[in-house]
Structure formats: C-alpha cells, structure tokens
Amino acid sequence: MKINEIAAQNYAWVERMGWHNKTPLEALALVASEVGEAINECRGDKPTDNFPEELADIVLRVLDIAYWQGIDMEKELLNKMQINEQRGTRCRVK
Ligand SMILES: [Mg+2]
C-alpha cells in the first residue's frame, strides 16, 4: 500500500470516529502529543517494545493532516529528499 493510500484509509477511519472537528493547529498539537508519548517510551536504556507503535501514531497523525489539506505526501517526501540531497551538509567536518 502506498503512503497516500494509507493516508486516505486512516483519514476515513478518523472521520468515522468523529474526530475531525479540529483546526490545523489542534491537529499539530496532537502530533506533538504523540511525540511526547514516543519520548516516554525512550526514557530507559533503550526504547520499549511500544516505541514502534508510538512512531506509527506520529506518522498517522501527520498523514491525517496531509490528506485533510490535500497534500500529496509521496510527492512532498520525494521532493524534500531530493532537496536534502542537493543541500549537502550544514556542518563542516574538520
Ligand atoms: Mg500514541
């Protein structure tokens, strides 16, 4: 399944749950809350077994916003990776 298909499927599920009555700013706050949950899974010597699930929550929250806003995330991700490749390093290694 491609990333935009995952975004569409996840968006439909969130809509069925009735969780879409929020602003983009509120939606971004929910991304931040998932980052906090992922952080909590890394407070020990190594990430817990629940860490991958929290990373998935972060991605799904981002994809939900992207689908809602009509953003083609596959295109944006590939474009940004190309920009990053051309940018090179910001740090000079001595
Ligand atoms: Mg979570």
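The values are calculated or read from the model by the stated rules, or taken from the named source; none is laboratory data. The shown structure was predicted, so the numbers you read here are calculated from the model rather than taken from an experiment. Quick reminder, even Gly has a Cβ in these numbers, built from the backbone with ideal geometry, and neighbours come from all protein chains shown.
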* segment 41-59: number of residues that are touching a helix residue (DSSP H, G or I) at 6+ places or on another chain (Cβ under 8 Å) and farther than 25 Å from residue 75 by Cα -> 3
* For segment 31-51, how many residues are away from the ligand (no atom under 11 Å from the Cβ) and either surrounded by 16 or more Cβ atoms within 10 Å (Cβ to Cβ) or within 23 Å of residue 13 (Cα to Cα) (or both)? -> 1
* Any residue at all in segment 57-70 that is at pLDDT below 95 and loosely packed, with under 14 Cβ neighbours inside 10 Å? -> no
